[in-house]
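The values are calculated or read from the model by the stated rules, or taken from the named source; none is laboratory data. Just so it is clear, the model here is predicted, and its values are computed rather than measured. Here the Cβ is made from the backbone with ideal geometry for all residues, glycine too, and neighbour counts use every protein chain on show.
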Amino acid sequence: MNRLDNTLAAIDLANQQDPNREWVNGQMVAKEWIYAQRMTARLHVFCDSPSEVLQIAARAQHICRWKIPRDSYPMDRSGYKKWRMDLALFHGETTGKIMAEQGYDAETIERVKDLLLKRGLKRDEEVQAFEDVICLVFLEFYLDDFAAKHDEPKLIDIIQKTWNKMSEKGHTAALKLPLSDPMLQLVTKALT
């Protein structure tokens with residue numbers, strides 16, 4: 001295996017420790033492990049030849065996320081924002097250590113951290129592709145569960161915010177996702 005494969009395997013190993021599980025194709029799997037697999041699969045559909053740093057960032061987007069639970073922060077908007085920022089920094093540091101062990105230089109590690117922190121969104125093509133993939137994975141795999149916990153006005157707001165973060169290429173890809181009928185109706189309503 002090469003350095004990239006070893007790095008992705010180490011991220012997978014870390015994510016397989018997630019105590020939170022979900023059913024996928026008839027078996028229980030670690031929640032953040034399957035999320036990382038979905039991110040990687042969607043990245044390779046969305047980008048013709050993603051760079052190594054983009055592949056690493058996609059796989060590490062939620063690395064060990066369960067170690068910083070949402071309920072350890074105030075359950076308000078500022079608490080949510082602080083939690084998300086702390087998570088991004090944590091994901092960057094955790095991924096950086098794995099990359100350093102595999103011989104990546106400091107500049108490449110910092111680039112992955114920039115992606116994980118979404119520095120340059122709307123200005124940096126790779127950061128935008130990363131955000132598009134995150135949004136596509138959310139819409140395809142997590143919107144149904146999210147919808148079960150929130151009322152329609154909240155869902156429409158979230159879908160509109162998600163849409164605003166995406167590029168035109170992301171919008172085109174989103175409209176081709178295999179969404180359930182209720183989610184397709186919801187997305188259509190949010191976009192009109």
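For this structure, a couple of remarks:
- In the stretch 113-128, the residues that are of a type in the set (Asp, Glu) and in a loop (DSSP other than H, G, I, E, B): ASP124
- Subset tally (residues that are in contact with a helix residue (DSSP H, G or I) (Cβ under 6 Å, 6 or more places away or on another chain) and closer than 20 Å to LYS31 by Cα) for the stretch 145-169: 1
- Only one of ARG111, ARG123 that is modelled with pLDDT under 95 and not assigned by TED's automatic domain parsing to the domain that holds LYS169: ARG123
Here's the yes/no breakdown for (1) surrounded by 14 or more Cβ atoms within 10 Å (Cβ to Cβ); (2) among the acidic types (Asp, Glu):
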| residue | (1), (2) |
| --- | --- |
| ASP5 | no, yes |
| ARG21 | no, no |
| GLN27 | no, no |
| ARG65 | yes, no |
| ASP86 | no, yes |
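- Exactly one residue among GLU110, GLU22, GLU93 is over 16 Å from the mean Cα position of the chain (by Cα) and part of a strand (DSSP E or B), and that residue is GLU22.
- Check on ALA58, crowded, with 19+ Cβ neighbours inside 10 Å, in contact with a Phe, Trp or Tyr (Cβ under 7 Å, 6 or more places away or on another chain) and at pLDDT 95 or above: yes
- Restricted to the stretch 155-192, and to residues there that are under 25 Å from ARG123 (Cα atoms) and of a type in the set (A, V, I, L, M, F, W, C), the residue that is farthest from the chain's Cα centre (by Cα) is LEU191.
- Answer from LEU115, LEU143, LEU139 - the residue that is crowded, with 18+ Cβ neighbours inside 10 Å and in contact (Cβ under 8 Å) with a residue 60 or more places away in the chain: LEU115
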